[in-house]
1. I'd like the per residue volume of the convex hull spanned by the Cα atoms of segment 55-135, given in cubic angstrom.
2. Under 5 Å between amide H atoms, partner at least 5 residues away or on a different chain: which partners does Ala54 have, H built in plane at 1.01 Å?
3. Short version: what are the Cα gyration tensor semi-axes of segment 23-172, square root of 5 times each eigenvalue, largest first, in whole Å?
4. Could you give me D for segment 52-101, from Stokes-Einstein at 20 °C and 1.002 mPa s, where the hydrodynamic radius is the Kirkwood radius over C-alpha pairs? Units µm² s⁻¹, please.
5. Tell me, what are the semi-axes, in whole angstrom and largest first, of the equivalent ellipsoid of segment 1-59 as set by the roots of 5 times the Cα gyration tensor eigenvalues?
6. Scan the chain and hand back the longest stretch that contains none of the trypsin sites (Lys or Arg not before Pro) lying in DSSP loops with at most 11 other Cβ atoms within 10 Å.
Amino acid sequence: MTATFRRLLLLRHAQAGHPQNVRDYDRPLSVAGEHEAGEMGVYIAQENFLPSLALVSGARRTRETWVAIQKALPAVVPAIFDDRIYEARADALLELLRSVSSEPATVLLVGHNPGLHKLALSLVGRGGRTAYARLQQEFAPASLAVIDFDVAGWDSIAEQTGALERFAAPRS
């Protein structure tokens, strides 16, 4: 990776359960979600999409998704748990990404829909037609969008400037 390359991994949390009397923020992963998160962690490691930094919503389901992802990675990745990601709109997520220092070349953002999906759609300006068509349809639980930018720092990423390198979902 050159100094002018940044890779963004947008990962929606895996499938969450709906236990009674539990507020949305505290919803855990379902059994299926635990499997999805582990599967996507293995995928990220196998495809060598290794993040330098993880930005993770403070909600329980995103934290649990991150734990499963981290277990599958070959190295410990620094993680920042940030409640601003929970229920954030796309523009707020973009501002958060722009505030990241220029040092990490690859950032993983683990968050929620609809903000994550709208962010992915707003950032992608080019990429494979099939991957983009799938991204337009939905951003299902545990889906991963890999978006590349030719910029020196995160403060320079902008709408429609990213290249969709990959869009993957569990069992895809």
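1. Numbers: hull volume 9.9 nm³, N = 81.
About 122 Å³ per residue, rounded to a whole number.
2. Ala79, Ile80, Leu108
3. Working: eigenvalues 91, 61, 53 Å².
Ellipsoid half-lengths, sorted descending, are 21, 17, 16 Å.
4. Working: Rh = 11.6 Å.
The diffusion coefficient I find is 185 µm²/s.
5. Those come to 29, 15, 6 Å.
6. The segment 24-170 is the longest one with no such site.
All of the numbers you see were taken from the coordinates with simple rules; none came from a lab. Keep in mind the model is a prediction, meaning the values are calculated, not measured. Cβ atoms come from the backbone with ideal geometry, glycine included; neighbour counts cover every protein chain shown.
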